[in-house]
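Report on the structure given below.
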Amino acid sequence: MNPVLFLGAALAGGVGAVLRYLVDLGIARLAGRRFPWGIFLVNLSGSFALGLVTAALPGAAVLLGAGLLGGYTTFSTAMLDAVALWRDGERPAAAFDAVGMLLLGLLAAGLGLVLGSVL
Amino acid sequence: MANVKVRRLLLVALGGTVGTAARLGLSLALPDGGGFPVAVLLANIVGAFLIGVLAARLPAAADLRLLLGTGVLGGFTTYSAFMTGTLALWTQAPLLAFAYAAGSLVLGLAAAALGLRLGRPRARRAA
């Protein structure tokens, strides 16, 4: 990977992180903080978008995929949220946050791949 | 969005750039072994552990938490590549894809819980 592409993808990751922060704040304002809908929806939308990019724009895989969408979506906060729900005694919500996100995320990425391949 | 502070956005942007650079660097150092996404798995598990430590040490609204947690670790770990990586693996080796997905989730949850536990200040750990 050439240094310019590396730097560009890293900066795109910074932009993705800001988008995640803003979407999370916006959704929390609408839906409250009882369940972490913000990160849940960020990861589903980002997985869909990465499927789309992978299939339709393979040339932009580093910049938009690994960079922007890699920075937009997050695994660490998703795990922390599920553990926190579990510790608060919200067991079904914790299971849905962890397993539901995984299954719906796979579905979203698959839909993105299919849609991207016909575009 | 009137009460979103520019300083906070800059902290997240800076951290996210650094975290993404670290993940890209790791993926260059550890290329996918036979199609298995080693670098993403490692980044995600290490990142989940570290965010647990961070959450045990710092209040959610702290600037440093925003820089290191939302920014660096948010950028270092990734969910989207975890999903597309699982689907790509599925087409070649469904059993391995299942192991990757389930293993990431179990190890990720365990790592975050362990980080929370080990990150607690000593005086309070005994309680």
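Since every read-out is calculated from the coordinates, none of them should be taken as a lab result. It should be emphasised that the depicted structure is a prediction, and the values quoted were computed from it without experimental measurement. Methodologically, a virtual Cβ is constructed for each residue, glycine included, from the backbone with ideal geometry; neighbour enumeration extends over all protein chains shown.
Below, the figures for the structure above:
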{"read-out": "Nearest-20 debye value, the protein assembly as shown charge dipole, Cβ charges on Lys, Arg, Asp, Glu", "value": "960 debye"}
{"read-out": "Normalised per residue, the volume of the convex hull around the Cα set of the protein assembly as shown (Å³)", "value": "131 Å³"}
{"read-out": "Taking chain B and dividing mean pair separation by its residue count, relative contact order in percent (alpha carbons under 8 Å, at least six apart)", "value": "36 percent"}
{"read-out": "Farthest toward positive dipole pole in the stretch B:6-121 [+1 Lys/Arg, -1 Asp/Glu at C-beta], among B:ALA102, B:GLY15, B:PRO59", "value": "B:PRO59"}
{"read-out": "Gyration tensor (alpha-carbon) shape descriptor, chain A, a/c threshold 1.5", "value": "prolate"}
{"read-out": "³J(HN,Hα), Karplus 6.51/-1.76/1.60, whole Hz, each residue of the stretch A:46-63, x for Gly, Pro", "value": "x, 5, 4, 5, 5, x, 4, 5, 4, 7, 9, 10, x, x, 9, 4, 6, 5"}
{"read-out": "Burial ordering of B:LEU54, A:LEU68, A:LEU30, fewest other beta-carbon atoms within 10 Å first", "value": "A:LEU30, B:LEU54, A:LEU68"}
{"read-out": "Whole-number percent relative contact order across chain A, with pairs defined as alpha carbons under 8 Å at least 6 apart", "value": "37 percent"}
{"read-out": "Three-way shape label, chain B, alpha-carbon gyration tensor, a/c 1.5", "value": "oblate"}
{"read-out": "Sequence-distant residues sharing a close amide H with A:GLU90 (under 5 Å, placed H)", "value": "none"}
{"read-out": "Cα-centred dipole magnitude for the stretch B:6-121, charges only on beta-carbon of K, R (+1) and D, E (-1), debye, nearest 20", "value": "440 debye"}
{"read-out": "Note, ³J(HN,Hα) from phi for the stretch A:29-44, Karplus 6.51, -1.76, 1.60, rounded to Hz, x at Gly and Pro", "value": "5, 7, 10, x, 10, 5, 10, x, 4, x, 5, 4, 6, 4, 5, 5"}
{"read-out": "Backbone HN-Hα couplings from phi across the stretch B:69-76 [Karplus 6.51/-1.76/1.60, Hz, Gly and Pro as x]", "value": "x, 4, x, 4, 6, x, x, 5"}
